[in-house]
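All remarks here apply to the structure that follows.
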Amino acid sequence: MSVDLATVKRVARLSRIAVTEEEAERMMGELNGILGFVEQLSEVDVSDVEPMTSVTPIRMRERSDAVTDGDKAAAVVANAPATDQNFFLVPKVVE
Amino acid sequence: MTDLTSLTIADARDRLKSRAISAVELTESYLSAIDAANGALNAYVAVTPDTALAMAKASDERLAAGKGGALEGIPLGVKDLFATEGIHTQAASHILDGFKPKYESTVTQNLWNAGAVLLGKLNMDEFAMGSSNESSYYGPVVNPWKAEGSDEKLVPGGSSGGSAAAVAARLCAGATATDTGGSIRQPAAFTATVGIKPTYGRCSRWGIAAFASSLDQAGPIARDVRDAAILLKSMASVDLKDSTSVDLPVPDYEAALGQSLKGMKIGIPKEYRVEGMPEEIEKLWAQGMAWLKDAGAEIVDISLPHTKYALPAYYIVAPAEASSNLARYDGVRYGLRVEGRDIADMYEQTRAAGFGREVKRRIMIGTYVLSAGYYDAYYLKAQKVRTLIKRDFETVFHAGVDAILAPITPSSAFAIGDKELAADPVKMYLQDVFTITVNMAGLPGLSVPAGLDHKGLPLGLQLIGKPFEEETLFKTAHVIEQAAGTFSPKVWW
């Protein structure tokens, strides 16, 4: 499978990365190189093989459903580029 | 008086304990070494002299009171991927500009609890994506090693290039690193240092910026096998904050050193004899087998038939997980923000300016293989291939093999700005051809220096073990180290 320029732009949009025409062209070549490389997996017979979900055979730990952390809003927003009264500020999203 | 930076962790530990040297003296020696070298090597992205000296002073007080921990007063460097409270933590990326976390990663907290001293944060490939340390926002790290008679600057490998270079150049006693596809073992091989990627789940991933969560694992880079064993003992732990951390006691790895290899079966995988492999690497591998045989181990030929599919499967699984993990860098919660027309444009402009080329490439690949209509063909298929890769290893271990001996890199260190590698991402990815299977199967892998090539550059050998049998790797690597010796670069910086 290979990607065309329109697909590259669509994927960039899905990835939320702005790309120029020139970058999209370059990425198309690179992505097709990588997709061509992974193509060799089609040689492998995976019928009746389960996909890996966990590399170590461990049972997920459970813990009691209790609050163990929190009450540190100021610390949570401390590194944000824009905040007001411990809220993150973003550009207006509703008209 | 000997240069204190020449002491291994084991030596420094003894002298600190006997009060022959102080932690402050030792830390000061490292700080001046960093001062003198970092301009040339670019191994550190942030040096923290005030923190270091305060920690060293506290260590001296504890040592005086006879209460020192396992790493009391030992100065370490930390890869920029680990969260360190109130200190530069940017994964060597522009997008995390100014990020100073309000929390500490579990691995680094474990080290401070053991008494270690933080010298600063180490350079790396951006978000640990790379094999040459050239994708760092802070510029490439320069390998302290140079080819004989040449002045060409070489890469230290990646992604933990700063960690490996700092250890090799004696700008720290040891360093933390991480390995998603070879990022501890390949730089260790390029710098004649020892690196171990432990079994997945052995070290907590909490507080380490995530790249590919099912593959990422922390481990140490150190000057010799003993130091690596000492560091891993303190780094590893069970952590309730990482649901994949495994509830098994951490053994005393150092105690495994010197144990006999008699009766051990060492597997030699035929699939690692790849086309175009330099003769020197083949010879070194044979030399490694001879050393282990002399030490009483039995060498057996094995087959890991799905080896060649590990790299393509990795370049689906790792980008897929990365595209999801890196979605959090959006200009809202931390780091860089570039304003835009609306919120979507702000996200797109921030991520366009904040991520480097390699990171963008991987996010795009990951987004594509996870997108509607392609999930089964790519991601699901790759996860099935991963099951087969793991099964290959289980089969040979079940047949009685205790550890596997293999090459670690297809060559010695290459030049910074290598045109052929820069022009073709897939060529760079092939750097990890011998290391990636271990991440895909979650196994422990260790890189130990084994010799120098015809250019006088370090080459390493790799040992791969059963899950949670790091001790076997340490004792086997120790035998190789005893036979091969240790190697240090000539100081030119």
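Assorted remarks:
- Listed cross-link partners B:Lys146/B:Lys419; B:Lys153/B:Lys490; B:Lys17/B:Lys490; B:Lys100/B:Lys121; B:Lys241/B:Lys384 are compared with a 23 Å cut-off, the Cα-Cα value being larger for B:Lys17/B:Lys490; B:Lys241/B:Lys384.
- Sequence ranges B:234-244, B:392-402, ranked by mean other-Cβ count within 10 angstrom, highest first: B:234-244, B:392-402
- Cα-based reach from B:Lys475 at 20 Å (exclusive), listing aspartates and glutamates while leaving out same-chain residues under 8 positions away: B:Asp11, B:Asp224, B:Asp227, B:Asp252, B:Glu254, B:Asp294, B:Glu298, B:Asp402
- Of the peptides B:29-42, B:214-227, the order by per-residue mean of other Cβ atoms within 10 Å, starting with the highest, comes out as B:214-227, B:29-42.
- When chain B is reduced to its Cα atoms, the Kirkwood hydrodynamic radius in Å: 22.4 Å
- P(r) tail fraction, region B:211-274 - alpha-carbon pairs more than 16 Å apart, %: 66 percent
- Per-residue mean of foreign Cβ neighbours for B:361-371 is 6 (Cβ atoms of other chains, 10 Å radius).
- Amide proton proximity set for B:Leu154, modelled H, under 5 Å, gap of 5+: B:Asn143, B:Ile416
- The orientation-averaged projection of the convex hull spanning the C-alpha atoms of region B:1-124 amounts to 7.6 square nanometres.
- The DSSP beta bridges internal to the protein assembly as shown are antiparallel in roughly 70% of cases.
- Protection-proxy order for peptides B:347-355, B:323-331, each taking the mean of Cβ atoms within 10 Å per residue, highest first: B:347-355, B:323-331
- Diffusion coefficient, µm² s⁻¹, Stokes-Einstein with Kirkwood Rh over alpha-carbon pairs of region B:239-295 at 25 °C and 0.890 mPa s: 161 µm²/s
- Percent antiparallel among DSSP beta bridges (both partners in chain B, rounded to 5): 65 percent
- A compact globular protein would have a Cα radius of gyration near 2.2 N^0.38 Å; the ratio found for region A:1-88 is 1.85.
- Compactness of region B:437-493 - radius of gyration and Dmax, Cα, Å: 13.7, 41
- Percent antiparallel among DSSP beta bridges (both partners in region B:10-146, rounded to 5): 45 percent
- A convex hull fitted around the alpha carbon atoms of region B:107-266 yields 136 Å³ per residue.
- Diffusion constant of the protein assembly as shown at 25 °C, which comes from Stokes-Einstein with the Kirkwood Cα-pair radius and 0.890 mPa s, µm²/s: 101 µm²/s
- Under 20 Å from B:Lys270, Cα to Cα: lysines that are on another chain or at least 8 residues apart: B:Lys283, B:Lys293, B:Lys308, B:Lys390, B:Lys466
- Shielding by partners - mean other protein chain Cβ count within 10 Å, residues of B:378-388: 5
- J(HN,Hα) series, region B:422-427, from Karplus relation 6.51 cos²θ - 1.76 cosθ + 1.60, nearest Hz, glycine and proline x: 5, 6, 9, x, 5, 4
- Remark: mean inter-chain Cβ contacts per residue of B:50-56 equal 0, using a 10 Å Cβ-Cβ cutoff to other protein chain atoms.
- Cα principal axis extents for region B:298-358, largest first, Å: 65, 20, 17
Every number here is computed from the coordinates shown, using simple stated rules; none is lab data. In this text the structure is predicted, and so the values were computed from the model without any measurement. Cβ: placed from backbone, ideal geometry, glycine included. Neighbour counts: every protein chain shown.
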